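Quick notes on the structure that follows.
The values are calculated or read from the model by the stated rules, or taken from the named source; none is laboratory data. As the structure is a computational prediction, the values presented were derived from the model and not from experiment. In this analysis, Cβ positions are derived from the backbone assuming ideal geometry, glycine residues included, and neighbour counts consider all displayed protein chains.
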Amino acid sequence: MNIFEVPFEEILAESVKTHGHLCAGQVIGVRMALLGLRLIGIKDPKGADRKKFLVFVEIDRCATDAIQSVTGASLGKRSLKFLDYGIMAATFLNLETKEAYRIIAREEARELSKNYFPEIPDKYRRQLEAYRVMPEEELFDIQKVEVELSDFDLPGRPLKRVQCEACGVWVQDGREVLKDGRVLCRPCAHGSYFRLAGFTPELGKIGQKLKKK
């Protein structure tokens, strides 16, 4: 199905259903996704073209859910990549042509929304309605970019699995770290977002086995 033949409001409604509510971020995300797909020549993202592209998102906000809904890309399929930059931006990469574009939501669009619906006093509601109709050049900045990928970043079965020599967990897709001559997972090598709150028997046994080797 050619996504560009589907009415915008129908695409937005599907995204809202997935996300849970309608907001300006949903409108931005849907329009960003449609623009990105068009720029890299993808017409059927959930069908014939589903394995031909990757999407990189730079924020964990409403727009990312919209981008996922429109493109069908997902973390589990490895077609969606998340980089926690805190920037309302996404990059769309055609895997066949290597053509890629980074699209950034323009901060100026917030103020420009007053030009379209000045009669709406609530700024969030005004932005939501304005973002539906504003020209793309007012909503977004577009950068033609190059994206370097390793084979470990591509969709498909894991190419490599190794065991961390410190905690014993298995690490896939080349994400291990070689430090002081040992193969480590990233939490053991660099620290993590979590800390153990108590002894975990299973991990304890694994660690003991590794130490005996």
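Quick one: in region 23-50, of everything that is loosely packed, with under 15 Cβ neighbours inside 10 Å and more than 18 Å from the chain's Cα centre (by Cα), which residue is farthest from Asp153 (Cα to Cα)? Talk me through it step by step, then tell me what you get.
Start the filter on region 23-50 by keeping residues that are loosely packed, with under 15 Cβ neighbours inside 10 Å, which leaves 41, 43, 46-48.
Subset that is more than 18 Å from the chain's Cα centre (by Cα): 41, 43, 47-48.
Details: Gly41: 21, Lys43: 23, Gly47: 21, Ala48: 21 Å.
Going through the qualifying residues, I end up with Lys43.
Given the criterion free of Cβ contacts under 8 Å to residues at least 40 places away in the same chain and not assigned by TED's automatic domain parsing to the domain that holds Gly36, identify the matching residue among Asp173, Asp122. Outline the logic, then answer.
Values: Asp122 fails: not assigned by TED's automatic domain parsing to the domain that holds Gly36.
Exactly one of Asp173, Asp122 is free of Cβ contacts under 8 Å to residues at least 40 places away in the same chain and not assigned by TED's automatic domain parsing to the domain that holds Gly36, namely Asp173.
I'd like to know if region 55-75 contains one or more residues that are touching a residue at least 60 places away in the same chain (Cβ under 8 Å), closer than 24 Å to Leu149 by Cα and either hydrophobic (A, V, I, L, M, F, W, C) or assigned by TED's automatic domain parsing to the domain that holds Glu136 (or both). Yes: one or more hits. When Arg78 is tested against the conditions (1) among the basic types (Lys, Arg); (2) surrounded by 17 or more Cβ atoms within 10 Å (Cβ to Cβ); (3) within 21 Å of the chain's Cα centre (by Cα), the lone failure is (2). Being without any contact (Cβ under 8 Å) to a residue 24 or more places away in the chain, part of a loop (DSSP other than H, G, I, E, B), surrounded by 12 or more Cβ atoms within 10 Å (Cβ to Cβ) and more than 10 Å from the chain's Cα centre (by Cα): is that true of Ile87 here? So Ile87 does not fit the description; no.
I'd like to know if region 41-64 contains one or more residues that are assigned to a helix (DSSP H, G or I) and of a type outside the set (Gly, Ala, Ser). Yes, region 41-64 has at least one match. Checking Phe53, Phe8, Phe4 one by one, the residue that is under 25 Å from Glu137 (Cβ atoms) and surrounded by 15 or more Cβ atoms within 10 Å (Cβ to Cβ) is Phe53 and no other.
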